[in-house]
Amino acid sequence: MAKRFVDPFFPNRPVDDPARFAGRITQVDEAVDSLFQIANRNPRHTIITGDRGIGKSSLLFQIRRVAQGDNRLPQRLGIDTGVEAFDFVCASHDAAPDQDVGILASGLLRDLQSTVRNFLDKFTLELNLGGVVNVGQKTPADTSIVDIVHGFCGQVENTFRGIEKQNKTGLLFFIDEVDRLPLDCGIATFFKLVTEKLARDGWTKTGFVCAGITGAVQDMENEHASIFRVFRDILIPRLEPGEIEQILNDGFKNVSCTYEPDVIRRTIELCAGFPEPVHIIGSEMVSVDSDGCIDIADFENAKLKVINEVRRNKLQGMLQQAGAGRYQQILNAMATYDKNYVPLHHISSKLNLEQNQFSVNMGDLIKKNVVSRVKRGVYTFVDPLLREYIRTFGPINYDS
Ligand SMILES: Nc1ncnc2c1ncn2[C@@H]1O[C@H](COP(=O)(O)OP(=O)(O)OP(=O)(O)O)[C@@H](O)[C@H]1O
Ligand SMILES: [Mg+2]
């Protein structure tokens with residue numbers, strides 16, 4: 001039996017250690033600038049957007065650290081925070097599809113109350129926003145968003161009065177997965193009204209930092225057209241090859257492994273710029289390795305293990321969800337292409353069909369979150385491991 005060690009990769013959780021957070025210099029710099037603006041009474045609210053699994057929650061988490069005075073990440077990246085250290089009071093909430101604006105507002109206040117209680121024993125907020133909502137329960141249908149906004153802003157005011165003597169930088173609300181709230185719940189109106197009221201009433205050292213899937217702001221725009229003026233969008237791109245190398249290098253170094261350069265190249269190809277598969281495959285490579293040097297054989301074994309065992313159910317489920325017949329043919333055609341970004345004409349020639357004969361199917365695959373559109377006429381798998389799965393096991397043949 002091989003010696004047991006702590007896995008240096010972490011596919012299942014956002015990055016907590018700033019030393020393990022790869023790349024994203026521009027995005028961190030923008031976020032730090034927002035904090036600086038808020039600290040100086042120029043409220044700037046941000047929304048971090050990007051694909052599923054691209055690293056939104058990780059960035060949100062790192063910003064919260066900086067906001068609470070942890071300068072390790074900006075220091076490592078050579079980013080000036082403009083102050084010695086921020087000391088924001090921070091409250092967080094994770095949005096979910098069964099929530100509404102009332103639940104969101106009271107959830108934020110509940111976390112705020114417990115944060116402030118760390119330094120003010122008896123600090124109490126009206127979590128029901130002065131009786132407008134029932135904490136943790138669906139807000140009654142006849143509740144007006146304006147009442148929720150007033151209740152929420154009143155509690156922000158109470159907080160500032162409560163912490164007056166504490167010399168805090170300001171107040172920050174972090175909301176992850178904001179795209180999961182039902183679109184018609186009034187979230188855009190809430191943000192618009194709350195941010196305007198707080199600015200009007202002089203509580204300018206308050207900011208929102210949200211995260212959501214690409215298109216989150218655009219979706220909110222359907223509800224309130226001027227929402228794009230409320231939030232500054234920080235877009236998280238795919239990782240650069242050098243950043244993927246950094247994640248692998250840090251992980252391998254952690255368990256004192258060396259590696260062949262080809263391993264890095266193959267992982268970069270496999271992961272299509274997503275950090276999550278880098279951690280998955282990295283984790284398996286160190287676990288299959290037996291001699292302290294990660295080589296191509298370890299990479300191949302790890303890849304097979306991921307597709308065969310670790311992610312098999314998820315990938316199989318995705319493939320089933322795609323649908324039968326032509327859907328499987330399209331995915332198979334995409335998997336035969338040697339790059340991650342597949343031009344439509346490749347699929348067209350493999351299927352022996354004109355592009356307009358399967359454009360509806362492409363649209364369905366996007367809706368089902370199996371394929372995403374990179375730009376006009378170019379598509380890619382949402383999960384790059386699905387390509388490897390199809391290459392290994394083939395598409396589903398419903399006839400056999
Ligand atoms: N900059 C980074 N450096 C190293 N690893 C990262 C980085 N960003 C994200 N990861 C890793 O990638 C995985 C996905 O990250 P995260 O959960 O932050 O993404 P997400 O965009 O919030 O995903 P989801 O859309 O599922 O909410 C995690 O394992 C995380 O540790
Ligand atoms: Mg997330």
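The values are calculated or read from the model by the stated rules, or taken from the named source; none is laboratory data. Nothing here was measured: the structure is a model prediction, and the numbers come from that model. Here the Cβ is made from the backbone with ideal geometry for all residues, glycine too, and neighbour counts use every protein chain on show.
Output the helices (runs of 4 or more DSSP H) that fall wholly within region 313-400 and possess 1 or more residues being among the basic types (Lys, Arg) and free of Cβ contacts under 8 Å to residues at least 40 places away in the same chain, or say none.
326-336, 344-351, 359-367
Of all residues in region 76-87, which are part of a helix (DSSP H, G or I) and more than 23 Å from the chain's Cα centre (by Cα)?
Filtering region 76-87 for residues part of a helix (DSSP H, G or I) gives 76-77.
Of everything in region 76-87, nothing turns out to be part of a helix (DSSP H, G or I) and more than 23 Å from the chain's Cα centre (by Cα).
I'm trying to understand the selection: among the residues of region 196-206, which are buried (at least 22 other Cβ atoms within 10 Å of the Cβ) and among the hydroxyl-bearing types (Ser, Thr, Tyr)?
Of everything in region 196-206, just one residue is buried (at least 22 other Cβ atoms within 10 Å of the Cβ) and among the hydroxyl-bearing types (Ser, Thr, Tyr), namely 206.
Any residue at all in region 193-202 that's among the hydrophobic types (A, V, I, L, M, F, W, C) and touching a Pro at 6+ places or on another chain (Cβ under 8 Å)?
yes
Of the residues 124, 139, which single one is part of a loop (DSSP other than H, G, I, E, B) and either crowded, with 22+ Cβ neighbours inside 10 Å or not assigned by TED's automatic domain parsing to the domain that holds residue 58 (or both)? Steps first, please.
On the way: 124 fails: either crowded, with 22+ Cβ neighbours inside 10 Å or not assigned by TED's automatic domain parsing to the domain that holds residue 58 (or both).
Checking each option against the conditions leaves just 139.
Please pick out the residue among 55, 82, 69 that is within 16 Å of ligand 1 (Cβ to nearest atom) and at positive phi. Outline the logic, then answer.
Working: 82 fails: within 16 Å of ligand 1 (Cβ to nearest atom); 69 fails: within 16 Å of ligand 1 (Cβ to nearest atom).
Of 55, 82, 69, the one residue that is within 16 Å of ligand 1 (Cβ to nearest atom) and at positive phi is 55.
Could you check residue 28 against (1) within 16 Å of ligand 2 (Cβ to nearest atom); (2) farther than 21 Å from residue 253 by Cβ and say which number it fails?
(1)
From the set of residues in region 264-277 that are within 16 Å of ligand 2 (Cβ to nearest atom) and under 27 Å from residue 4 (Cα atoms), which is surrounded by the fewest Cβ atoms within 10 Å (Cβ to Cβ)?
The residue in question is 276.
Among the candidates 247, 264, single out the residue that is within 26 Å of residue 338 (Cβ to Cβ), outside the structural domain of residue 153 (by TED's automatic domain parsing) and in contact with a His (Cβ under 8 Å, 6 or more places away or on another chain).
247
Just wondering, is there one or more residues in region 67-90 that are surrounded by fewer than 22 Cβ atoms within 10 Å (Cβ to Cβ) and within 16 Å of ligand 2 (Cβ to nearest atom)?
No, that holds for no residue.
Test residue 291 against the stated conditions and say whether it is more than 16 Å from ligand 2 (Cβ to nearest atom), of a type in the set (Asp, Glu), over 26 Å from residue 335 (Cβ atoms) and part of a loop (DSSP other than H, G, I, E, B).
Yes: the conditions hold for residue 291.
Collect the residues in region 244-265 that are within 11 Å of ligand 1 (Cβ to nearest atom) and either of a type in the set (A, V, I, L, M) or within 17 Å of the chain's Cα centre (by Cα) (or both), keeping them in residue-number order.
Correct list: 244, 247, 248.
Within region 212-228, how many residues turn out to be within 16 Å of ligand 2 (Cβ to nearest atom) and surrounded by fewer than 22 Cβ atoms within 10 Å (Cβ to Cβ)?
3
Select, from 50, 107, 102, the only residue that is crowded, with 18+ Cβ neighbours inside 10 Å and within 16 Å of ligand 2 (Cβ to nearest atom).
The unique qualifying residue is 50.
Could you look through region 159-184, keep only residues that are modelled with pLDDT under 95 and either of a type in the set (S, T, N, Q) or assigned to a loop (DSSP other than H, G, I, E, B) (or both), and pick out the one that is farthest from ligand 2 (Cβ to nearest atom)?
Only one residue tops the list, namely 167.
Checking the structure you have, find out if any residue of region 278-288 is free of Cβ contacts under 8 Å to residues at least 60 places away in the same chain and surrounded by fewer than 22 Cβ atoms within 10 Å (Cβ to Cβ).
Scanning region 278-288 turns up at least one residue that is free of Cβ contacts under 8 Å to residues at least 60 places away in the same chain and surrounded by fewer than 22 Cβ atoms within 10 Å (Cβ to Cβ).
Tell me, which residue of region 194-211 that is assigned to a strand (DSSP E or B) and away from ligand 2 (no atom under 16 Å from the Cβ) is nearest to residue 178 (Cα to Cα)?
If we take residues in region 194-211 being assigned to a strand (DSSP E or B) and away from ligand 2 (no atom under 16 Å from the Cβ), then 208 is nearest to residue 178 (Cα to Cα).
Are any residues in region 287-336 over 29 Å from residue 7 (Cβ atoms) and of a type in the set (Val, Ile, Thr), and if so, which ones?
Once the filter is applied, which keeps residues that are over 29 Å from residue 7 (Cβ atoms) and of a type in the set (Val, Ile, Thr), region 287-336 yields 330, 336.
Which one of these does residue 42 not meet: (1) surrounded by 14 or more Cβ atoms within 10 Å (Cβ to Cβ); (2) touching a residue at least 60 places away in the same chain (Cβ under 8 Å); (3) more than 16 Å from ligand 2 (Cβ to nearest atom)?
Every condition holds for residue 42 apart from (1).
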